[in-house]
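J.: Dumping the structure here so I can ask a few things about it.
The values are calculated or read from the model by the stated rules, or taken from the named source; none is laboratory data. Bear in mind that the values here come from a model prediction, so they are computed numbers and not experimental data. Virtual Cβ from ideal backbone geometry, glycine too; neighbours counted across all protein chains shown. Only protein heavy atoms, including side chains, enter the accessible area calculation; ligands, DNA and RNA are left aside. Shrake-Rupley method; radii C 1.70, N 1.55, O 1.52, S 1.80 Å.
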Amino acid sequence: MRKVIGMGETILDIVFRNQQPTAAVPGGSSFNCIISTARAGIPTLFVGETGNDDVGHCIADFLSANHVDASYLRLCDDQKSAVSLAFLDENNDAHYTFYKSKPSAKPHPKLPDVAKDDVLLFGSFYAIAPENRWQTKPFIQQAAESGAILYYDVNFRSSHLHELPLLWDAIHENFMMSTVVRGSADDFEIMYGERNPEEVYRKHVARYCPLFICTLGGDGIALCTPENTWYFDVPRVETVSTIGAGDNFNAGFIYGLFSEGIGREDLRSLPFEKWERLIDCGKRFAANVCASINNSIDIDFGKSLSLGRL
């Protein structure tokens, strides 16, 4: 049976509204996606690390409670679990302050097997950080060689802008190994100084990866392939929080891959109608998470989904 592997950071998001804490939710970009795909009934596991402390145990328990295989999450005695303060503004957009320690210098004791047409989701600073690149890069390479679908969510924060000259090689290597590259217009404005999806694709992505998705917030979604560029509208929803919106677009897109029975080779010549369904799944997941204070789709929404050919 196909599975989804999420690799990335773990964090406890403490959410503030009107300067007062209102929720504390386990999170992280790949983490949020994996929780949602598990709630949608897809076999999932998570590769990452956290501290061997109260927050770390909370994160591990949250994975297990949501039917995610947590046996590849290691609890490290030599680091503290990460915490973020997420401040919601008047538009319910989040602005973050992060408190993190460096990744463990010890090698990961156990990594999962990756099979053909599995999906490896990776991204954010975790996938390019010099401190753990020596561990993440070989695993990404192994997944690519195994015939898996590699979904790279760039998710680049302005807090790392000063490090960008040292990170380009890792970013481009990730582009090259990926089946699909996804990022927001905000990511690319920070990285390249431009937001136009077609220009970002033509100048910076196409030479490495042929399939590119750029999310534009309320202005829609762009899909770029060697043959075409398509734009998709997004529904207007009453937004409670935008935390996890992009992560759950990823989850919905991956759910679409499974529900439509789409493998890696199929993506090379996918008709527009199939792309449209994949993008629509991403939009539905993102809209659901924006309607709550949570980082992932709600459990009832996950139960309502039918996986068809899975």
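J.: Search the structure for amide H atoms under 5 Å from the amide H of ALA23, placed 1.01 Å from N in the peptide plane, and list their residues when 5 or more places away or on another chain.
T.: Sorted by chain and number, the residues that satisfy this are VAL15.
J.: Shifting gears a bit: Work from the charge dipole of the chain (Cβ charges, +1 for Lys and Arg, -1 for Asp and Glu, about the Cα centre) and give the residue of PHE272, ALA70, SER101 farthest towards its positive end.
T.: The residue sitting most towards the positive pole is ALA70.
J.: Pop out the carbon and sulfur fraction of the accessible area of segment 215-285 as a percent, whole number, probe 1.4 Å.
T.: 44
J.: Under 1.5 on a/c is rounded, so check that first for segment 152-310, then, if it is not, pick prolate when a/b is larger than b/c and oblate when it is not; a ≥ b ≥ c are the square roots of the alpha carbon gyration tensor eigenvalues.
T.: Cα axes put segment 152-310 in the oblate bin.
J.: At 0.36 nm per residue, minus the direct Cα-Cα distance, what do ARG17 and VAL237 gain on full extension? Give it in nm, one decimal, please.
T.: Numbers: separation 220, 0.36 × 220 = 79.20 nm, distance 1.92 nm.
Working it through step by step, the gained length comes to 77.3 nm.
J.: Obtain the nm distance between the two label points defined at ASP280 and LYS116 by a simple spin-label model: each point lies 7 Å from its Cα along the Cα-to-C-beta direction.
T.: The modelled label-to-label distance comes out at 3.0 nm.
J.: Just read off the accessible area of PHE258 with the full protein assembly in place, 1.4 Å probe, to the nearest 10 Å².
T.: Its accessible surface works out to 0 Å², give or take rounding.
J.: In addition: So if each residue of separation counts as 0.36 nm, and I subtract the Cα-Cα distance between GLN142 and ASP298, what length gain in nm does that give?
T.: Gain on extension, GLN142 to ASP298, equals 52.9 nm.
J.: Using the beta-carbon distance between ASP89 and GLU194 and R0 = 30 Å, what value does 1/(1 + (r/R0)^6) give for FRET efficiency, to the nearest 0.05?
T.: On the way: r = 25 Å, r/R0 = 0.82.
Using R0 = 30 Å, I get an efficiency of 0.75.
J.: As a test of reading the structure, rank ASP93, ASP187, ASP77 by solvent-accessible area (1.4 Å probe, protein chains only), most first.
T.: Greatest to least solvent exposure: ASP77, ASP93, ASP187.
J.: Suppose every K and R has +1 on its Cβ and every D and E has -1 on its Cβ; what is the size of the dipole of segment 55-212 about the Cα centre, in Debye to the nearest 20?
T.: For this selection, approximately 460 debye.
J.: At a 10 angstrom cut-off on C-beta neighbours, averaged per residue, how do the peptides 222-231, 175-184 rank from highest to lowest?
T.: Most protected by this proxy first, the peptides run 175-184, 222-231.
J.: Using a 1.4 Å probe and counting only protein heavy atoms, arrange HIS162, HIS95 so the residue with the most accessible area comes first. Numbers along the way, then the final one.
T.: Details: HIS162 140, HIS95 105 Å².
Result, largest first: HIS162, HIS95.
J.: Further question on the same structure: Once you have a ≥ b ≥ c as the square roots of the Cα gyration tensor eigenvalues for segment 190-239, tell me rounded if a/c is under 1.5, and otherwise prolate or oblate according to whether a/b is larger than b/c. Please report the intermediate quantities before stating the final value.
T.: Working: a/c = 2.98, a/b = 1.63, b/c = 1.83.
Here segment 190-239 falls in the oblate category.
J.: Can I ask one more? In nm, to one decimal, how far is the modelled label at LEU270 from the one at SER71, with both set 7 Å along Cα→Cβ?
T.: Inter-label distance under the simple model: 3.0 nm.
J.: Suppose all protein chains stay in the model; what accessible area per residue would a 1.4 Å probe give for segment 131-270, in Å²?
T.: 42
J.: Mind listing the long-range amide H neighbours of LEU12? Cut-off is under 5 Å, sequence gap 5 or more, other chains count too, H placed in the peptide plane at 1.01 Å from N.
T.: Correct list: GLY27, ALA82, VAL83, SER84.
J.: When the chain is treated as a GNM, springs tying every alpha-carbon pair under 10 Å, which of GLY41, GLY218, GLY27 comes out with the largest mean-square fluctuation?
T.: Highest fluctuation among the options: GLY218.
J.: How much accessible surface does PHE301 have with a 1.4 Å probe, in Å² rounded to 10?
T.: 40
J.: Continuing with the same structure: Would you check the accessible area of SER71, probe 1.4 Å, heavy atoms only, in square angstrom rounded to 10?
T.: Accessible area of SER71: about 60 Å².
J.: Residue-wise, which Karplus ³J(HN,Hα) couplings in Hz belong to segment 49-66, taking 6.51 cos²θ - 1.76 cosθ + 1.60, θ = phi - 60°, and x for glycine or proline?
T.: 8, 7, x, 8, 9, 4, 5, x, 5, 4, 5, 4, 5, 5, 4, 4, 5, 9
J.: In addition: Hey, any idea what % of segment 85-137's accessible area is carbon plus sulfur with a 1.4 Å probe?
T.: For segment 85-137, the apolar C and S fraction of the accessible surface comes to 56 percent.
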